[in-house]
Every structure is written in C-alpha cells, then in structure tokens.
Amino acid sequence: MLSSPATQTNQLFVNEQIIRREVQERKKRENNIIIVGISEQNFTSTEERILKDEVEVLNITSIIEKDIPKPNKIFRIGKYNPGKQRRVKVCFDKPETAKVLNIFSDRLNKNEILHEDKR
C-alpha cells in the first residue's frame, strides 16, 4: 500500500526532527566524560557524598593534566544504593577539555576508567 504525499512529507518531517535532536544531544555529550571506579561514599548525608565525589574527580583530572579547568557539574548516574558503585558524570564548558582527558586517561590508576559520554 502506498502512502499519500502528505503522509510521506509528515514522516520526513518527523525523521528530520529526530535526527536534529540526536545531533544536539551528541553535541552536548561531547563536553562530558564518565569516570568508572570511584568508590561510592558511605556518608549518610547527600551533601557530604557530593563534596567527596567532587574532590575525587578534581584529584583524578589533575593527575591526567595539571591545568584542566574545573568542571561545571559532577554527579553520580543512577539512584544511590549503599552496596552498589555508580559511574560519575563530569561536565565541562568545552569539548576540548573532555578530549584532552580522554587522550591522556592512560595516566590513571587501573581501577579508574574514563570514557566519553555516549549512550
């Protein structure tokens, strides 16, 4: 069964919107890195856990490269579960910062792994 020209045009428009959104998402993610292997903090206070994660991330980034700008945002991905370790997402202003960290991530401890932010 053939579609009407209006249906085909509508489908093309929808596909274009999906592609445009995906490109925008990828553009945003290229400023970010994901760090795996940072121990989950055992503090009961959320604020204490966040502060400790920020200190850990800054230590890791300074090991890789001394003059890395401070991240805009640092947060754990997923819901807190005391027995589980979550990944840490680190967001920067520019994609160059994330790229430099990825290039030189081999300077890290083997327990800590740094990835690009991909889906």
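The values are calculated or read from the model by the stated rules, or taken from the named source; none is laboratory data. As the structure is a prediction and not an experimental result, all values here were calculated from the model. Using ideal geometry, Cβ is built from the backbone for each residue, glycine included, and neighbour counts are taken over all protein chains shown.
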TODO: Search the range 58-76 for residues that are free of Cβ contacts under 8 Å to residues at least 40 places away in the same chain and pair each with any residue that is of a type in the set (S, T, N, Q) when their beta-carbon atoms are under 7 Å apart and the residues are at least 6 apart or on different chains.
DONE: I68/T61; I68/S62; I68/T97; P69/T97
- [ ] Could you list, in sequence order, all residues of the range 32-50 that are out of contact with any strand residue (DSSP E or B) (no Cβ under 6 Å at 6 or more places or on another chain) and touching a residue at least 40 places away in the same chain (Cβ under 8 Å)?
- [x] S39, E40, N42
Open item on the list: For the structure I just gave you, tell me whether I74 is in a loop (DSSP other than H, G, I, E, B), at pLDDT 85 or above and crowded, with 17+ Cβ neighbours inside 10 Å.
Closed with: no
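Tell me, please, whether a residue that is part of a strand (DSSP E or B) and in the same structural domain as T97 (by TED's automatic domain parsing) can be found in the range 48-65.
No; the residues of the range 48-65 include none that is part of a strand (DSSP E or B) and in the same structural domain as T97 (by TED's automatic domain parsing).
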Task: Search result, residues across the range 7-22 that are aliphatic (A, V, I, L, M) and within 27 Å of K118 (Cβ to Cβ) - done: V14, I18, I19
TODO: Output yes when any residue across the range 83-95 is without any contact (Cβ under 8 Å) to a residue 60 or more places away in the chain and in a helix (DSSP H, G or I), and no when none is.
DONE: no
Task: Top-ranked residue in the range 44-61 [being over 18 Å from the mean Cα position of the chain (by Cα) and hydroxyl-bearing (S, T, Y); ranked as nearest to P82 (Cα to Cα)] - done: T44
- [ ] State the number of residues belonging to the range 15-36 that are in contact with an Asp or Glu (Cβ under 6 Å, 6 or more places away or on another chain) and either of a type in the set (D, E) or at pLDDT below 90 (or both).
- [x] 1
- [ ] Filter the range 1-46 for residues that are among the polar types (S, T, N, Q) and outside any helix (DSSP H, G or I) and give the result.
- [x] S3, S4, N31, N32, S39, Q41, N42, T44, S45
Open item on the list: Return the residues of the range 96-109 that are part of a helix (DSSP H, G or I) and either surrounded by fewer than 18 Cβ atoms within 10 Å (Cβ to Cβ) or more than 13 Å from the chain's Cα centre (by Cα) (or both); say none if nothing qualifies.
Closed with: E96, K99, V100, N102, I103, S105, D106, R107
Open item on the list: Take E54 and tell me if it is without any contact (Cβ under 8 Å) to a residue 12 or more places away in the chain and charged (D, E, K, R).
Closed with: no
Open item on the list: Criterion first (at pLDDT 90 or above, surrounded by 14 or more Cβ atoms within 10 Å (Cβ to Cβ) and out of contact with any helix residue (DSSP H, G or I) (no Cβ under 7 Å at 6 or more places or on another chain)) does D53 satisfy it?
Closed with: yes
